[in-house]
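Since the structure comes first, as structure tokens, the remarks are kept for the end.
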Amino acid sequence: MEMLTIELQSEQEKKVLLAFLDSLHYQYRTETDDYVLNDDEVKEMLKRKDDYLSGKVTTRPWSEIKKRYEGV
């Protein structure tokens, strides 16, 4: 599957594009910059934060992670 990102300039452009995709019976999903977490996701994020702050988990520098996956 390939992802195509389109930057829309207005709500009208969005309506026209979605109507076109619907007319072709294309499967699509929309995303916005605003992402809302549900209650379970918020609890999980807070648990992960607590685990990190209490030393139960550690992190590695991004440069180390990136180096491991070079050439993949």
Task: Condition met for L53 (exposed (fewer than 10 other Cβ atoms within 10 Å of the Cβ) and modelled with pLDDT under 90) - done: no
TODO: Determine the pairs where a residue that is surrounded by 10 or more Cβ atoms within 10 Å (Cβ to Cβ) and modelled with pLDDT of 90 or more, located within segment 1-27, has a partner that is outside any helix (DSSP H, G or I) and among the aromatic types (F, W, Y) with Cβ atoms under 8 Å apart, the partner being 6 or more residues away or on another chain.
DONE: L18/Y28; L21/Y28
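The values are calculated or read from the model by the stated rules, or taken from the named source; none is laboratory data. Remember, predicted model here, so these are calculated numbers, not experimental data. Heads up, the Cβs are rebuilt from the backbone with ideal geometry, glycines too, and the neighbour counts pull from every protein chain shown.
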